[in-house]
Amino acid sequence: MICENKMIKPDWDVFKAKFSENPQYNFEWFCYLLFCKEFDKPYGIFRYKNQSAIETNTIQVDGNEIGFQAKFYDSSLSNHKDEILETLTKAKRDYPNIKQLIIYTNQEWGQAYNKSPKPTKAKKPQGQVEIEKKADELNLELQWRTLSYFESSFVIDDCEKISKNFFSDDKTALNFIDQQELHTKTLLDNIHSTMSYKGNTFSLERNDILEKLESCSEEISILSGTGGVGKTVEIKRLYNTLKQSVPFFVFKATELELNRLGDFSSEGSIYEFAECYGDSDKKIVVIDSAEKLLDLSNQDPAKEFLKLLLSNGWQIIFTTRDHYFDDLNFLCMEVYRLAPLKIHISELDNDSLIDLSIKHKFTLPTDPKLIELLKIPLYLSEFLNMPPVAG
């Protein structure tokens, strides 16, 4: 793919038009991303809703506590002197060990001049003087990240993918990521990971499967099992375990029914998405119901996507029914020259089914054929939800 690297200069009119519903909130998000990038916090920083004085908890850098505040203003900084002074006071009050406070703002200070008929040298405006004096009194190192900061090489070049999202009308990888995060959450929210009987909710304990998935270091894994055995349930558990620390996205195989890969989404480039999270040690893409890749009328876009992910360090997990394992295994060996790790989910055995019935107080049928069916968790769950037969 040929990419055109066009430097984008910050345009606050574009920013305000793009985020007209809440420019302050989106400016805070922008500064949060830049702060995390500068101080190497790829997984973010803990914060509270309506955090006092600063945007997140402080971080430790070389033994010093550092915090930041982001302010998007439509008027000069001098007009907001009292607000900034209050921020300093609250920051020191609520975080007594804080040593450095970074203030991000889209405005700049205007130089002041002595009122005199003789030429005089420009000096700091009174508002800036008072704020910096207050910071000294509080033993607080104050750093300004004003308008010129957002025009710096760090923001425009080193953080290009971030800045493009805020100063370009074009769709970016961040748009795509937002879309796919919501898509993944929606897909997995619709997967029932528990069963219930007479108001008692329980789940199957398969810690061995979760441990294998979580500790897996292979580039490709295939999670296989009978239809309804709970493959996607285990993916949901893995997602809930890792989502705070690991980039994790789920795609249905049928979503890759495309004429060309570039048609995947109008919300941003799937190529840029694959290149994101370059500094993450672990990042996962799940292709659910992967056997349907074999039925695509045009398999080239799917193969291109998977090669793109692998070349950018993503781990791929396929989920598939047992019957299709050999076909997928051959695809991995033939196309990607990789031997996948096989993780198999078995149906319940007789002892496990009986133990569940005793523990959760439900009666098993006597029909051997029905018993065999109930060894598949999907059908067991449906059985437990059936209304009782009238006697």
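Set side by side, the residues Asp326, Asp367, Asp322 differ, and just one is charged (D, E, K, R), at pLDDT below 95, surrounded by fewer than 18 Cβ atoms within 10 Å (Cβ to Cβ) and outside the structural domain of Ser265 (by TED's automatic domain parsing), which is Asp367.
One residue stands out in the range 173-232 among those that are among the basic types (Lys, Arg) and exposed (fewer than 15 other Cβ atoms within 10 Å of the Cβ): the one that is farthest from Asp263 (Cα to Cα), namely Lys198. Has the range 236-249 got any residue that is in contact (Cβ under 8 Å) with a residue 60 or more places away in the chain and on the phi > 0 side of the Ramachandran plot? No, the range 236-249 contains no residue that is in contact (Cβ under 8 Å) with a residue 60 or more places away in the chain and on the phi > 0 side of the Ramachandran plot. Taken over the range 233-255, the criterion of being surrounded by fewer than 20 Cβ atoms within 10 Å (Cβ to Cβ) and among the aliphatic types (A, V, I, L, M) is satisfied by Leu242, Val246. Would you check if Leu258 is part of a loop (DSSP other than H, G, I, E, B), hydrophobic (A, V, I, L, M, F, W, C) and surrounded by 17 or more Cβ atoms within 10 Å (Cβ to Cβ)? Answer is yes for this residue. Going by the conditions given, is Asp288 in the same structural domain as Leu238 (by TED's automatic domain parsing), of a type in the set (Asp, Glu) and either crowded, with 16+ Cβ neighbours inside 10 Å or within 17 Å of the chain's Cα centre (by Cα) (or both)? In short, yes. Scan the range 189-203 and give yes if some residue there is outside the structural domain of Lys18 (by TED's automatic domain parsing) and assigned to a helix (DSSP H, G or I), otherwise no. Yes - at least one qualifying residue is present in the range 189-203. Residues in the range 274-306 that are in contact with a strand residue (DSSP E or B) (Cβ under 8 Å, 6 or more places away or on another chain) and of a type in the set (Gly, Ala, Ser) were compared, and the one that is nearest to Leu188 (Cα to Cα) is Ser289.
Quick grid of which residues meet (1) of a type outside the set (Val, Ile, Thr); (2) exposed (fewer than 15 other Cβ atoms within 10 Å of the Cβ):
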position: Glu65; (1), (2): yes, no
position: Asn97; (1), (2): yes, yes
position: Thr105; (1), (2): no, no
position: Ala112; (1), (2): yes, no
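When the range 265-282 is filtered for residues that are surrounded by 20 or more Cβ atoms within 10 Å (Cβ to Cβ) and either within 22 Å of Thr319 (Cβ to Cβ) or under 12 Å from the mean Cα position of the chain (by Cα) (or both), the ones remaining, listed by number, are Ile270, Phe273, Ala274.
Note on the range 77-124: residues that are among the hydroxyl-bearing types (Ser, Thr, Tyr) and at pLDDT 95 or above total 5.
Screening the candidates Thr254, Thr241 for the property of being hydroxyl-bearing (Ser, Thr, Tyr), touching a Lys or Arg at 6+ places or on another chain (Cβ under 6 Å) and under 22 Å from Asp189 (Cα atoms) yields one hit, Thr254. Among the residues of the range 152-203, none is identified as touching a His at 6+ places or on another chain (Cβ under 9 Å), modelled with pLDDT under 90 and of a type in the set (A, V, I, L, M, F, W, C). Out of Glu272, Glu214, Glu234, one residue alone is in contact with a Ser or Thr (Cβ under 9 Å, 6 or more places away or on another chain), at pLDDT below 95, in a helix (DSSP H, G or I) and within 26 Å of Ser346 (Cβ to Cβ). It is Glu214.
The values are calculated or read from the model by the stated rules, or taken from the named source; none is laboratory data. Please read all numbers here as calculations on a predicted model, not as lab measurements. When we count neighbours, we look across all protein chains shown, and the Cβ atoms used for this are built from the backbone with ideal geometry, even at glycine.
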